[in-house]
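Derivation of every value follows stated rules applied to the coordinates shown; laboratory data play no part. All values reported here derive from a predicted model rather than from experimental measurement. Ideal geometry is used to build each Cβ from the backbone, glycine not excepted, and the neighbour counts take in all protein chains shown.
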Amino acid sequence: MNPDIQTWIDRLRSGDPRALARAISTVENRAPGWSDLLKALFPHTGKARVIGLTGAPGSGKSTLVDQLAKHYRKANQTVGIIAVDPTSPYTGGAILGDRIRMQDHYSDPGIYIRSMATRGALGGLARATADAATVLDASGRDLIMIETVGVGQDEVDIVRLADVTIVILVPGMGDDVQTIKAGIMEIADVFVINKSDREGAERVEREIRAMQSLATRNDHWTPPIVKTVASEGVGTAELAEAIAGYEAYLKKENLVLKKNVENWQERLVEMLRDAMLEKARAHMDGGSLERYAAEIAEHKRDPYSLVEEIVGGAERDAF
């Protein structure tokens, strides 16, 4: 291995925050050496617990993550937080908000916070987040929290990285449960009704219970419902208890490895898709895509034959 990379890894694993920040930037931006770095870090991974938190914008995810981080730090656990912002990195949005809300932690070396944006990259969000989580895991963090904004496909992809997935709902957001996509509801291991001091919290709970009665999960786990008021720290201990309860259930039922295998199946498909897409893009020169699109729009050729042609060319280049 390159001795520079080994020195870098040693610094990262000894807790150097600059080495950690540089490593995450390297893998996120696909800078030179990113692949070698991840290969070298992978043997040091697998020890951190990964918690994914998702829900509609304005549901108080950042405040809840902040409270959970405080809770775990009191138990002397080190925490890594990845705050994902699927909007433009230029608008501020969640990036700025997360940093303001969590600035109390910046003097604590036991907590590392990283904001990430899609930058418009197709499929890049889940990939970059997964790689950042790998780096944080290898750095020796006990716990990694991935907070995503919104309730779209990106969130479903990202939380597949998680050992425990928390879906956060709040009373008074339209039709409550009906406004959340079915896919998001199905991935929840724990439901949180945040801002539960508001009117309508009981109705949201009833709707979740009704939904749970209609379907049984493959692992036969019934996700608990925890009520919180994150802004006041209410319910944080109960949420941590619910997380621990699900982890204990997985161990008792010998489902930890099975869940890991399922997560890696999804992630491998994603990684292969990304790798093939990069190869296909490399096979096309700068103006090809626009020219091909114009030819298809004018019905001069069909897209199905074109895709076969591009994939065939990429495969020939690969062998």
Exercise. What share of all Cα pairs of segment 1-53, in percent, falls into each consecutive 5 Å distance bin?
Worked result: 4, 18, 27, 28, 16, 5, 1, 0
Problem set entry | All-pairs Cα distance distribution in segment 267-318, expressed in whole percent, bin size 10 Å | 24, 48, 24, 3
Problem set entry | Longest to shortest principal axis, alpha-carbon extents of segment 236-292, angstrom | 57, 27, 13
Exercise. What is the distance, in nm, between label points placed 7 Å from the Cα along the Cα-to-Cβ direction at Glu238 and at Asn254?
Worked result: 3.5 nm
For this session: Step through the residues of segment 212-220 one at a time and calculate ³J(HN,Hα) from phi using the Karplus curve (6.51 cos²θ - 1.76 cosθ + 1.60, θ = phi - 60°), rounding each to whole Hz and writing x for Gly and Pro.
Result: 5, 6, 8, 9, 10, 6, 4, 8, 6
For this session: List, in order, the whole-Hz ³J(HN,Hα) value for each residue of segment 294-303 obtained from phi through the Karplus relation with A = 6.51, B = -1.76, C = 1.60 and θ = phi - 60°; use x for Gly and Pro.
Result: 5, 5, 5, 4, 8, 6, 7, 8, 9, x
Exercise. With +1 on each Lys and Arg Cβ and -1 on each Asp and Glu Cβ, how big is the dipole of segment 267-318 about its Cα centre, in debye rounded to the nearest 20?
Worked result: 80 debye
Seminar exercise, completed: At the level of C-alpha centres, the distance separating segment 253-305 and segment 183-244, in angstrom, is 35 Å
